[in-house]
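A short worksheet on the structure shown next.
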Amino acid sequence: MGKSVLKNNSINEDADMILRTENVTKLFPGTVALDLVNYKIYRGKINVLVGENGAGKSTLMKILVGNEKCTKGKVILEGKEINLSSPQDAMNYGISIIYQELDLCPNLSIAENIFLGSEIVNRGVIDKKKQHELAQKLLQRLEQKIDPNTLVSELRVGAQQIVTIAKALSQDARILVMDEPTSALSTSEVERLFRVIYELKEHGITVIYISHKLDEVLHIGDYITVLRDGHLVAEDAVKNINMQWVIEKMIGRKLDRLFVSKKHKIGKVLLHVEDLTLPSVGGGYSVNHVSFKINEGEILGIYGLKGAGRSELLECLIGSNVLATGKIWLEGREINGNIQNRIQSGLALVPEDRQRDGLVLTMSVANNIILASLKRLLNRLGLFIESKKEKKAVNNLIKELSIKVTDPNSIVDSLSGGNQQKVVVAKSLLTDPKVLMLDEPTRGIDVGAKHEVFEIMQKLATQGYGIIFVSSELKEILAMSDRILVMSKGVITGKFTKDTATEAQLVNASVDENGIKNGVKHK
Amino acid sequence: MKESSTTQKKRVHSMTKIDLLQLLLRGRVFLALVIVTVVFALLSPGFLRVANIIIISKHVAINALLGIGMTFVILSGGIDLSVGSIVGLSAMIAGGLIKEGIQLPIFGVIVFPHIWMVIILTLIVGILMGAINGLVITRFKVAPFIATLGMLYVARGLAGLRNNGYTFSNLIGKPEYGNTGFEQLGAGCFLGIDYSICIMIIFAVVAYFVTMRLPFGRHVYAIGGNRRTAELSGVQVNRCETIVYMISGLCAAMVGLIIASQLVAAHPATGTGFELTAIAAVVLGGTSLMGGRGSIFGTVIGAFVIGVLVDGLVVLGFSTFLQNIIKGTVIVAAVVVDQVQLRMQERIRLQKQELNL
């Protein structure tokens, strides 16, 4: 039975499934991360998993590797239900994961890292020689010529990744999960990683490969599964599908309905940035002599790859980095000083990582919203916070941004990602800014919430705010911005207007490493 | 249809039960206070006599004052191990000012300040010690644990150095110097309530107001909850943190004054180990050592729980050894309950969500 082959090319139901989930559901405070997901993983194949940020990919993987328990549902390995209550359990079943942020101890050597937690002991003492030997063998198998005694902190990211793979192999992993393995790798490192993955496949190891880079996914995958907003929306053999199919399934609604486009009047110059520079720790510049202007009612998109210096640029503007140099004028007045001064002058930042930088998770929604503008809420004597003013300000913003919260005094952690993001936006708006900087505002929120964030952006632009919108999503940038700057390695490598920009141009500019030489530098 | 509505009812019913349990858990410090009070009242008649309650409150005032300062520090995500030593140092400073005055060799005179001047100068010394803590922590990025551990030794050393390890005794001042009346701080009372208790109440009310209604208070919570967010929101984190340690130093100096006045003597070892009882009161009061979560009110109640427990055990004739064991167990149990409550809150939230699906 198991060997019968269907004639058509759709997924063979009898194909050899090694692992699957049955109706897995996972609830987080405020959100349904996974909803009745039946995920199938085929033996000895490269199973790719795609989906937008917040679609539930990471959560699903955390369940498969025992890092999170599902609220409902089963995990079935080789036809038998298994109980995964810790990563150790999963490892015992041969399921290992390589996380996006590599979980290695930088202070230990390669060999020590590989055998961390499962040290080879001889009468209770670590057998260093044997560990060294085995580590060497594993590294050789992965075509690496590194001494296992090298400290992990001395390795480049690509090599560190290989070490985590070696670690998984040392634990006899049969199923290897790779979460965004190429996000920090150079092109040649990616190629080497792919060779390693193919080699693993030849040895019968099942790979689950998660990535945002769709061309990569289509290149390397055998089977593809698409998640959207916690639902499994599609699965197929990669040979049956194309890029268009993947994008459609991932986004799930026509793009023009996701974005909001309204005519807004563009007024006089609001913010003028001249020669903004931030030296980077390893030499060179994170932000390399950047100059630009933004007008009233304008949405300025900034596109670029991870590490292109976009977030650093915003940090320089808000003043959180003391090493930054350059000049900034807001409405003709020069701005400098610390963060507080700049916020008072009319700059506001909605940071990229809302949980790390944008919110105080232990505080209530109301307290988060007013955090940056407490001085505005003082009573007449300027002594203490007037609760009436506080309540009014908070309620106004909750209504205006339609933040879904039953009680402003509930803890902000209980809100869904989209609503949390709106709380951060509310906090920034309450400072009464003139220029609002949004760093990846749609990261990790569902499609509906994205739509609302775009609506808010448009509304603010029509009200005359200047908006700087940083995003890695091409479609977003193209649909929302009036003008687009592209950054690469700290330099502005492309300047486009809404009408002239195309996806290809943006991508080209974003990988341009010599922006200055190519003469695209501003002025 | 009928069936579903009854299950709905059942669910609603079980929800209210959970809500009640939650309420009890949230008010657990208060509950603990009621329980220990009732138990001791039953075991020893006369425990609830006004005189006895005042005695207990006087003991509690010392710890509660330290706890109030400590709450600010812990809310901001730090810790202050130096308060016990600052208590000792302030006692010695006050004692020295009364006994020896301020010597000004240049003018060849000795100035004996008024008692209110003594009090103010001592408080300033406490604030200064706190400021040094704060500056070391914020400017030199020393972990609060280490910085205040250092101050624990330094301040205690200074306390000893002040009079070469000897006690300043009989701090009643001299009428001819115009510096009498120090003992009033410890012995006097206002409307039948001891000054020390009054001071505790004033400090608690002011601190409560500061944490709830002043921008500074919100900033302290924000820094403890998420430093980076606070920074990016324009909060002047370093300044706030320094002030927090200054408040703790001020509270410690106040305690030093009260103890010296109660004993009419200043001993350099005054306050040894007080920092730990203060931390215990804060933790018992539901403030998270991670920062960002907790309240002044909780700390005061926490201090009362410890005070009632200790005095009650003494009244019942428990040995110090048993007292320590019980005290330790109660503190750890409080944190266990804290964790249980947090986890339960999370679970209830998820359950409610499931019901809404």
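Bear in mind these aren't lab numbers, they're just calculated from the coordinates by the rules spelled out. As the structure is a prediction and not an experimental result, all values here were calculated from the model. Neighbour counts run over all protein chains shown; Cβ positions are idealised from the backbone, glycine included.
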The stretch A:281-387: trypsin sites (Lys or Arg not before Pro) in DSSP coil with no more than 13 other Cβ atoms inside 10 Å: A:K306, A:R380
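Percent of alpha carbon pairs in the stretch B:267-318 separated by more than 15 Å?
Details: 725 of 1326 pairs.
Of all Cα-Cα distances in the stretch B:267-318, 55 percent exceed 15 Å.
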Computed [θ] at 222 nm, helices only, for chain A once each DSSP H run of length n ≥ 4 contributes -39500 (n - 2.57): -9000 deg cm²/dmol
Rg(Cα) / (2.2 N^0.38 Å) computed for the stretch A:141-200, rounded to two decimals: 1.08
Spatially proximal lysines relative to A:K72 (Cα-Cα < 19 Å; intrachain offsets below 8 disregarded): A:K26, A:K40, A:K57, A:K62, A:K80, B:K352
Scattering curve values for chain A, log₁₀ I(q)/I(0), Debye with Cα scatterers, q = 0.06 Å⁻¹: -0.34
Given charges at Cβ of Lys, Arg, Asp, Glu: the stretch B:45-317 dipole, positive-most of B:T277, B:G101, B:G234: B:G234
Label-point gap, in nm, between A:N107 and A:R333 - each point 7 angstrom along Cα→Cβ: 4.9
Inter-chain shielding of B:210-217 (mean C-beta neighbours from other protein chains, 10 Å cut-off): 4
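What is the projected area of the convex hull of the Cα atoms of the stretch A:64-198, averaged over all directions, in nm²? Please list the in-between numbers first.
On the way: hull surface 37.6 nm².
Projected over every direction and averaged, the Cα hull of the stretch A:64-198 covers 9.4 nm².
Taking the Cβ of each residue in A:V207, A:V121 as the centre, tally the other Cβ atoms inside 10 Å and list the residues starting with the fewest.
Sorted ascending by nearby Cβ count, the order is A:V121, A:V207.
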Label-point separation in nm, B:Q184 to A:K498, each point 7 Å along Cα→Cβ: 7.6
Relative counts (whole %) of C-alpha pair distances in the stretch B:203-286, using bins that are 5 Å wide: 3, 12, 17, 21, 18, 13, 8, 5, 2, 1
Hull shadow area, averaged, the stretch B:146-205 [alpha-carbon convex hull, nm²]: 6.8
Quotient of Cα Rg and 2.2 N^0.38 Å for chain B, N being how many residues it contains: 1.13
10 Å binning of all Cα-Cα separations within the protein assembly as shown, expressed as whole percents from 0 upward: 2, 10, 16, 19, 19, 15, 10, 5, 2, 0, 0, 0
Rounded to 10°, Cα long-axis angle of helix A:187-202 versus longest principal axis of chain A: 30
Cβ-Cβ FRET estimate between B:A265 and B:L48, R0 fixed at 30 Å, reported to 0.05: 0.40
Label point distance in nm, A:K404-B:V206, each placed 7 Å from Cα along Cα→Cβ: 4.7
Other-chain or far-sequence residues with amide H under 5 Å of A:G464's (modelled H): A:G297
Gyration tensor (Cα) of the stretch A:262-400, equivalent ellipsoid semi-axes in angstrom: 30, 19, 16
Cα centroid of the stretch B:87-154 to Cα centroid of the stretch A:70-97, whole Å: 61
Rule-of-thumb Rg ratio for the stretch B:211-357 [Cα; 2.2 N^0.38 Å; N residues]: 1.32
Phi-based couplings in Hz for the stretch A:347-363 (Karplus 6.51, -1.76, 1.60; Gly and Pro marked x): 9, 9, 10, 9, x, 4, 9, 5, 6, 7, 10, x, 10, 9, 5, 7, 9
Per residue, the convex hull volume that the Cα atoms of the stretch A:357-432 enclose (Å³): 85
Kyte-Doolittle at least 1.0, axis length at least 20 Å by Cα - qualifying DSSP helices, chain B: B:28-43, B:50-75, B:83-99, B:115-139, B:144-162, B:195-213, B:237-263, B:296-315
Extension gain from A:E274 to A:M243, taking 0.36 nm per residue of separation minus the Cα-Cα distance: 7.1 nm
Principal axis box of the stretch B:42-108, alpha-carbon based, largest edge first, Å: 64, 36, 13
Coarse-grained scattering of the stretch B:31-157 at q = 0.10, 0.13 Å⁻¹, given as base-10 log I(q)/I(0) from a Debye sum over alpha-carbon atoms: -0.51, -0.75
Across A:K213/A:K239; A:K263/A:K434; A:K262/A:K391; A:K391/A:K427; A:K399/A:K450; A:K239/A:K498, pairs whose alpha-carbon gap is larger than 24 Å: A:K262/A:K391; A:K239/A:K498
Sum of side-chain charges, B:M246 neighbourhood, beta-carbon under 13 Å (Lys, Arg +1; Asp, Glu -1): -1
The stretch B:135-168: chymotrypsin sites (Phe, Trp or Tyr not before Pro) falling in loop per DSSP and having at most 16 other Cβ within 10 Å: B:F140, B:Y166
Neighbour count of at most 13 Cβ within 10 Å plus DSSP loop: longest trypsin sites (Lys or Arg not before Pro)-free window in chain B: B:142-357
Inter-centroid distance (Cα atoms) of the stretch A:412-474 relative to the stretch A:107-128, Å: 48
